[in-house]
Amino acid sequence: MFKTLQNAWRIPDLRKKLMFTLLILLLYRIGNVIPVPYIDVETLGAYFDSVLSNTILGLYNAMSGSAFSMGTVFALSIQPYINASIIVQLLTIAIPALERMAKDQGEEGKKKIETITRISTVALGLLMGWAYYMMVRNRAGIVTDNGFWAAVVIILTFTAGSALVMWLGEQITAYGIGNGISMILFANIISGIPRGVTAIFSMFTAKTWWQAVIAIIGVAALVVLIIFVNDAERRIPVQYAKRVVGRKIYGGQSTNLPIKVSMSGVMPVIFAQSICSLPATVCTFFGWTKNWAYLNLFQSTKWPYVVFYFLMIFFFSWFYASIQYDPVEISNNLKKNGGFIPGFRPGKPTSDFIKKVIGKIVVFGAIYLAIVALLPMIAGILMPNFQNLAIGGTSVIIVVGVALETVKALEAQMLMRHYKGFLD
């Protein structure tokens with residue numbers, strides 16, 4: 001990876017793109033520490049650490065680079081854009097008009113979908129900004145002015161911040177390296193590395209060095225596992241029959257149908273964590289933090305939460321696989337193009353075989369996601385010192401995945417330029 005970055009830096013065009021990406025990320029990090037008016041940052045931070053860190057807001061805080069718990073301009077980060085993108089994607093599948101727009105209108109339809117996503121992002125930013133204001137207003141001492149205009153300033157500042165983050169991400173995608181939204185997520189997550197390193201050093205000084213060693217080995221093992229599974233795929237052999245068109249013969253070649261093991265990426269983990277943390281979030285908003293269910297069922301440090309989290313990861317892995325892959329449609333496309341899977345007749349036998357293969361891959365992929373997501377959580381339950389490391393399976397998957405995708409993007413651009421140093 002470092003060799004690829006070094007070679008890319010020697011190419012003027014890629015060097016400009018790298019510098020532009022770093023500049024945008026620097027501007028974003030500056031905005032991440034600018035506080036919103038009328039909010040007491042210290043009181044908010046104490047309230048977040050004592051009450052909100054075990055809710056879904058803890059995930060939002062990690063994804064925003066701790067901006068959420070500090071009440072800064074970019075506190076909502078890219079969450080409105082991610083939620084809007086997911087909602088629009090699901091609506092594209094559910095609403096025939098949007099599906100036709102995405103498939104039949106080509107580039108023009110894609111631009112319309114992007115416009116709908118941007119508008120939805122602003123709407124969700126406005127809604128989430130209002131929810132954030134209601135949350136901090138209900139806690140005495142956080143909001144310094146409870147007047148109407150102060151509320152308007154706080155809500156609109158959060159909304160404008162989410163829209164600006166979306167624009168910064170689009171600028172990276174257009175003029176920088178990699179996907180802009182992924183790069184911003186990457187920057188947010190790695191900003192918490194110094195805190196984790198400090199926690200590990202404190203474990204060494206507190207005579208719990210063996211736990212620190214376990215943490216280092218565990219993180220390294222997770223990274224290796226993610227790298228291994230990220231590129232893993234099941235290749236179904238496909239044979240195309242020969243056909244004569246005029247004086248030319250087409251087909252006859254052998255290829256394969258690749259199905260990635262991690263076909264849904266980190267989305268099942270994010271959705272599962274959102275659903276599992278919803279009860280604790282509701283209890284927090286309504287002040288029900290002392291009842292039995294909250295203390296024994298809804299907190300992430302309890303075993304019932306871990307079991308339910310595991311089941312939700314399996315469910316959303318299957319859900320995403322069912323959206324991404326339609327065995328009947330794949331079988332029909334192979335049949336139309338004269339392709340077939342050796343040993344299976346075209347039509348229903350082929351679709352049943354593909355469905356069976358996808359089912360096995362979904363199970364393996366769900367187990368992989370469950371291991372990565374639950375291992376840090378289980379370690380935190382068994383050894384409470386691990387909770388101070390702020391290491392989450394979701395964060396590790398995102399960081400490793402974005403790093404790999406960025407290196408692949410650099411290699412692809414260097415290959416297009418026939419860079420001799422890279423080819424050698």
Considering 140, 131, which residue is assigned to a loop (DSSP other than H, G, I, E, B), out of contact with any Leu (no Cβ under 6 Å at 6 or more places or on another chain), farther than 24 Å from residue 377 by Cβ and modelled with pLDDT under 85? 140
Those residues of the range 82-112 which are farther than 23 Å from residue 398 by Cβ and touching a Ser or Thr at 6+ places or on another chain (Cβ under 7 Å) amount to 98, 99, 102
What tally of residues in the range 217-268 results from selecting those that are modelled with pLDDT under 75 and closer than 16 Å to residue 350 by Cβ? 1
Could you list, in sequence order, all residues of the range 313-336 that are more than 23 Å from residue 363 (Cα to Cα) and within 35 Å of the chain's Cα centre (by Cα)? 332, 333, 334
Small (Gly, Ala, Ser) and touching a residue at least 24 places away in the same chain (Cβ under 8 Å), is that true of residue 174? no
Test residue 88 against the stated conditions and say whether it is assigned by TED's automatic domain parsing to the domain that holds residue 24, β-branched (Val, Ile, Thr) and touching a residue at least 60 places away in the same chain (Cβ under 8 Å). no
Within the range 277-302, can you find the residues that are modelled with pLDDT of 70 or more, in a helix (DSSP H, G or I) and under 25 Å from the mean Cα position of the chain (by Cα)? 277, 278, 279, 280, 282
Could you check the range 351-405 and list, in sequence order, the residues that are modelled with pLDDT under 75, more than 19 Å from residue 273 (Cβ to Cβ) and among the polar types (S, T, N, Q)? 385, 388
Residues of the range 10-34 being within 16 Å of residue 412 (Cα to Cα) and not in a helix (DSSP H, G or I), in sequence order, are 10, 11
For the range 6-20, how many residues meet the condition of being surrounded by 15 or more Cβ atoms within 10 Å (Cβ to Cβ) and either at pLDDT below 90 or not assigned by TED's automatic domain parsing to the domain that holds residue 174 (or both)? 6
Cβ-Cβ under 6 Å pairs, at least 6 apart or on other chains, the range 264-277 side more than 11 Å from residue 313 (Cβ to Cβ), far side crowded, with 22+ Cβ neighbours inside 10 Å: 277/55
Going through the range 319-340 one residue at a time, which ones are in a loop (DSSP other than H, G, I, E, B) and surrounded by fewer than 15 Cβ atoms within 10 Å (Cβ to Cβ)? 337
Which residue out of 316, 271, 344 is in a helix (DSSP H, G or I) and either touching a Pro at 6+ places or on another chain (Cβ under 8 Å) or more than 23 Å from residue 58 (Cβ to Cβ) (or both)? 316
Cβ-Cβ below 6 Å, separation at least six or inter-chain, first residue in the range 109-122 and free of Cβ contacts under 8 Å to residues at least 24 places away in the same chain, second part of a helix (DSSP H, G or I) and among the aliphatic types (A, V, I, L, M): which pairs? 109/101; 109/102; 112/101
Result of the Cβ filter at 6 Å on the range 141-155, keeping first residues that are under 16 Å from residue 126 (Cβ atoms) and partners that are surrounded by fewer than 18 Cβ atoms within 10 Å (Cβ to Cβ), at least 6 apart or interchain, is 153/37; 155/130
Report, by residue number, each residue of the range 169-185 that is assigned to a helix (DSSP H, G or I) and surrounded by fewer than 22 Cβ atoms within 10 Å (Cβ to Cβ). 170, 171, 173, 174, 175, 181, 182
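The values are calculated or read from the model by the stated rules, or taken from the named source; none is laboratory data. Treat the numbers as computed from the prediction; the structure is a model and nothing was measured. Backbone-built Cβ (ideal geometry, glycine too); neighbour counts: all protein chains shown.
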